[in-house]
Amino acid sequence: MPAGRVDSSAELVMRACRGDVGAFEDLYRQHVGRVYGLCLRMTGQPESAEDLTQDTFVSAWRSLPGYEGRSSFSTWLHRIAVNAVLAKRRSPQGRNEVSMTDELGEQMEFEADAPMDEATPIDVERAIAGLPPGARDIVVLHGIYGYSHEEAAEMLGVAVGTCKAQLHRARHLMRARMGEERAT
Amino acid sequence: MNTIPFGPRNPPEDPLLAKAAELPKDVAPPHDLWPGIAARLGEVEKPAARPFRWPLALAAGVLVASVSALLTWSLVRAPEGPVPSTQVAKTTPEPVPTDIVPVKYGPNSGLSAKDFGARDELLRQFRGRFASLKPETRAAIAKNLAIMQTAADEIDAALAKDPASGMLKGMLVGTYKQELQLYSTVVTAGDGLTRRI
Amino acid sequence: MSIRNVCLAAATLAALAAPSLAGAETSPNGQPIMKHVNVAPDATVEVSNVQGRVEVATWDKNEVELVAELESPKDELEFEANERYVRISVERPNGKYRHDDDDEDDATLTLRVPKGIRLIADTVSADIAVSGLRGEQKLESVSGEVQTQAFDAPVRATSVSGEVSVVGNGGKATVSTENVSGSTTVGGIRGDYHGEVVSGEIRATVAAAQKIELNSVSGDIEIKAELTPTSRVNMESVSGTLTLKIKPPVNAEFDVESFSGDIDSCLGPKAHSTSKYTPGSELNYTQGNGGARVEMQTLSGEISICDR
């Protein structure tokens, strides 16, 4: 980055709003990791995550004038990404994909694998990937990316109580997946 | 309004969630996605010409801090060509639906064409009202229909494994009834004239 | 309001004598429009509004008083009344259901009515607030808030995305609430309660519960109930959380089933799996002397039962 360059997102957004594709590419390079990371963990499928990441940035380009700075640009991108993931789940193709990883199938997978002795980052990632969609969404948004229950609920279009319940459920399932004792 | 002191007990900090928080936020995609994005940018409308609006105080701070950096940056990186003229257009981060997709019930639902015939008439009236509701109301309705769709899909998948389950069949019928009730509420709302002779 | 009730209301209108007061008025100068009519103490009052507010309070007179404040000169107030029936409606001709971005004009209808009248109110986005009414109530809105009190007569409160609030006053009203994405709060009622949500939440307290039926798709339901020996509680969700707190001592039969969610009970035995290969679990037992019956079912939500 050039010397003396300060907070790039604000300037880049302003320039991108004026049609500067180069500025938007810089925004892409700054934020693609977080967007892809969120899409990958919410879908559990790298190929879908790539498509959804592209969809997110294309939607963001179209919607730039609507970004008013009330949240960080990263958070705004995440909102668009979450919408893209949820929209894909609702689509006929997405429904087929969801049905292949339905809760029953995933639970059977939990029972088949041996528990892990130590929770390595890979174990945690695998445990999250094995969660059913609702529980996985909240663990990704709240657990990994640090959104509050209220923020996550708003992004997912569910009640705050539902988020908390899904988180509670996710903890149980992850502990079972990783072989730890169930909480009573 | 009474305040009912409900609410789950806040659980102590969970070690699993703490581990999740330690996971890397950024995950690089296997390959560069920019070329695909750039190709699609050429197909969509460019951002509107209206000035980028930023909260006033923040805008002032950004301006003061970034003037010199902007000058430096413009010297380092050549612009991508003349700034194209743009059209004024209303865009929002989340498009407001102008129509809805009724819930689709799977092959295990047990609902018949006759059942859906009753819904069709209601939908016809509902769509006439839906488009005229406030944007936030339309968005809320669309979101909740999506939730009902997810529910119908989950129940149908469960029915495939346990087709005799009375519980599941009851839930599916309940979901369908709630869908109809939603349409009905919108259709009859604020419509005093329908009660004239 | 259901289509069936709309047809019923139309039939009721058809059976009435010609109204003594009828007509449409606008308020070009923005001045309030006032109406006043003598009615029977158990007359029916129907109020319909699009945007703004409907406020209904009670008094000791056998009269209906209306103060209508119409911000928009395009709105028309329809007022028809006789001794048994009053109909009040705000109409927006030429696209009365059209919401334009610059169309923020409200219509506020403030009524005072006899305590025993039957009230039917429905709005698109206007809030509905009712206080002190002892008669039957049917209150419905698409996006407005609905607030009322319950005494002994049936109360039905519905909103698609607005909040619903019903406060009991020790009477035995049958209360019914329907909400899609708004939150529902019901407190201090006795007797029967029927609640439905899609993604919104229900928080309810029911004393001397007789029949409680609560249904949710993904919204959470939390209820505190005092059971009697004849209580019947049925709670069902697709993915929402169901929480039941029962005032001790608890004497009830429990029939709890989950297809893939968890069941957590601080009473009686732990839930057991229904199959080695499926995540489902169930809980069937009798606490204390039995008597009341509690059925709870969920597809993938969580169920929680306790006496504290």
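Across chain C, Cα pairs under 8 Å and at least six residues apart give a relative contact order of 11 percent. Shielding of peptide A:28-37 by partners, expressed as the average count of other chain Cβ atoms within 10 Å per residue Cβ, is 4. Rounded to the nearest whole Hz, the Karplus-based 3J(HN,Hα) values (6.51 cos²θ - 1.76 cosθ + 1.60, θ = phi - 60°) of region A:63-74 follow the sequence 9, 3, x, x, 7, 10, x, 5, 10, 5, 4, 4, with x at glycine and proline. Of the trypsin sites (Lys or Arg not before Pro) in region A:21-88, the ones in a loop by DSSP (not H, G, I, E or B) with at most 10 other beta carbons within 10 Å are A:70. Of all DSSP bridge pairs formed entirely within chain C, close to 25 percent run antiparallel.
R0 = 45 Å: FRET efficiency of residue A:51 with residue C:282, Cβ-based, nearest 0.05? The value I calculate is 0.65. Take the Cβ atoms of residue C:270 and residue C:172, set R0 to 22 Å, and the FRET efficiency comes out at 0.05. Taking label points 7 Å from Cα along the Cα-to-Cβ direction, residue C:234 and residue B:113 give a separation of 3.1 nm. How far apart, in nm, are the 7 Å Cα→Cβ label points at residue C:42 and residue C:65? It works out to 2.6 nm between the two label points. Per residue, the convex hull spanned by the alpha carbons of region C:68-222 comes to 106 Å³.
The phi-based Karplus calculation (6.51 cos²θ - 1.76 cosθ + 1.60; θ = phi - 60°) puts the 3J(HN,Hα) values of region C:215-228 at 10, 9, 8, 10, x, 8, 10, 10, 9, 9, 9, 9, 8, 10 Hz, whole numbers, x for Gly and Pro. Scanning residues 5 or more positions from residue C:195 or on other chains, those with amide H under 5 Å from its amide H are C:177, C:213, C:214, C:215, with H placed 1.01 Å from N in the peptide plane.
Could you pull out which residues in region C:169-183 have an amide N less than 15 Å from a spot 7 Å beyond the Cα of residue C:194, following the Cα-Cβ vector? In region C:169-183, the label zone of residue C:194 (backbone N under 15 Å from the point 7 Å along Cα→Cβ) covers C:173-179. Against the main long axis of the alpha-carbon atoms of chain C, helix C:3-15 sits at an angle near 40°.
If I take all pairs of Cα atoms in region B:113-191, what percentage of them are more than 17 Å from each other? Here the long-distance tail beyond 17 Å is 52 percent of all Cα pairs in region B:113-191. Roughly what would the spin-label model give for residue C:308 and residue A:87, points 7 Å off Cα along C-beta, in nm? Between residue C:308 and residue A:87, the label points sit 5.1 nm apart.
With 25 Å as the limit on Cα-Cα distance, the pairs of C:115/C:245; A:88/B:104; B:134/C:115; B:177/C:270; C:247/C:270; C:35/C:138 that go past it are C:115/C:245; B:134/C:115; B:177/C:270.
Let a ≥ b ≥ c be the square roots of the eigenvalues of the Cα gyration tensor of region C:145-308; is it rounded (a/c under 1.5), or, if not, prolate (a/b larger than b/c) or oblate? Because a/c hits 1.5 or more and a/b fails to exceed b/c, region C:145-308 counts as oblate. Remark: region A:144-157, residue by residue, has Karplus-estimated 3J(HN,Hα) of 8, 9, x, 6, 5, 4, 5, 5, 4, 4, 5, 5, 8, x Hz, where x stands for each Gly or Pro and the curve is 6.51 cos²θ - 1.76 cosθ + 1.60 at θ = phi - 60°. Contact order, relative form, for region B:113-191: 47 percent (alpha carbon pairs under 8 Å, 6 or more residues apart, mean separation divided by residue count). Computed over the Cα atoms of chain C, the ratio of the radius of gyration to the Kirkwood radius (Rg/Rh) comes to 1.07. For the listed peptides C:112-119, C:176-183, a ranking on the average number of other beta carbons within 10 Å per residue, highest first, reads C:176-183, C:112-119.
Readers should treat all values here as calculations from the given coordinates under stated rules, not as data from a laboratory. Since we're looking at a predicted model, the values are computed, not measured. No Cβ is skipped: glycine too gets one built from the backbone with ideal geometry, and neighbour counts run over all protein chains shown.
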